[in-house]
Amino acid sequence: MAEYIDKSGIFEDFNFKLVVIDALLDKNPSFEKELEVLVEECTENYEWYTDAGPIKEILEFLSQLNIEKKVKGYLEENKLLSDEYRKNAYLRC
């Protein structure tokens with residue numbers, strides 16, 4: 001599997017970006033509709049039980065997704081981008 005990075009440059013750890021995106025989905029973010037359409041398109045004929053791995057198109061969309069500056073500011077202000085917080089976030093998942 002290819003290694004994905006955050007192409008917006010906010011997150012050093014792509015997996016942590018996924019944790020943040022997952023949390024944002026509870027708050028009806030601006031990208032939600034676009035992501036829903038992409039998921040629908042990509043999963044319509046997806047073979048779920050073939051061990052095919054992650055869906056490349058969705059991972060590419062998420063890697064390019066630019067989290068709004070106010071979200072980044074909130075994360076920085078509350079030290080949610082620190083290494084210590086990221087480690088603890090993984091433990092909570």
TODO: Note down all Cβ pairs under 6 Å where the first residue falls in the stretch 51-74 and is within 16 Å of V20 (Cβ to Cβ) and of a type in the set (S, T, Y), the second is surrounded by 12 or more Cβ atoms within 10 Å (Cβ to Cβ) and at pLDDT 75 or above, and they're at least six residues apart or on different chains.
DONE: S63/Y4; S63/K7
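Hey, does the stretch 10-31 have a residue that's in a loop (DSSP other than H, G, I, E, B), open to solvent by less than 50 Å² (accessible area, probe 1.4 Å), in contact (Cβ under 8 Å) with a residue 40 or more places away in the chain and more than 16 Å from L59 (Cβ to Cβ)? Steps first, please.
Step one: filter the stretch 10-31 for residues in a loop (DSSP other than H, G, I, E, B), giving 10-13, 28-31.
Add one more test, that the residue is open to solvent by less than 50 Å² (accessible area, probe 1.4 Å), and what stays is 10-11, 13, 29, 31.
Filter again for in contact (Cβ under 8 Å) with a residue 40 or more places away in the chain, leaving 10-11, 13.
From the residues that got through so far, the ones that are more than 16 Å from L59 (Cβ to Cβ) too are 10.
Yes, that holds for at least one residue.
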Task: Index of the failed condition, E41 passing every other in (1) more than 14 Å from I5 (Cα to Cα); (2) buried (at least 16 other Cβ atoms within 10 Å of the Cβ) - done: (2)
Open item on the list: Quick check on this structure: which one of L81, L91 is modelled with pLDDT under 70, open to solvent by 30 Å² or more (accessible area, probe 1.4 Å) and in contact with a helix residue (DSSP H, G or I) (Cβ under 6 Å, 6 or more places away or on another chain)?
Closed with: L81
- [ ] Could you grab me the full set of residues in the stretch 47-69 that are part of a loop (DSSP other than H, G, I, E, B) and surrounded by 12 or more Cβ atoms within 10 Å (Cβ to Cβ)?
- [x] I55, L65, N66, I67, E68
- [ ] Look at N66 and say whether it is under 17 Å from the mean Cα position of the chain (by Cα), farther than 20 Å from D6 by Cα and at pLDDT 80 or above.
- [x] no
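The values are calculated or read from the model by the stated rules, or taken from the named source; none is laboratory data. Quick caveat: nothing in here was measured; it's all calculated off a predicted structure. Counting neighbours? That spans all protein chains shown, and the Cβs are built from the backbone with ideal geometry, glycine included. What goes into the accessible areas is simple: the full protein's heavy atoms, side chains included, and nothing from ligands, DNA or RNA. Shrake-Rupley method; radii C 1.70, N 1.55, O 1.52, S 1.80 Å.
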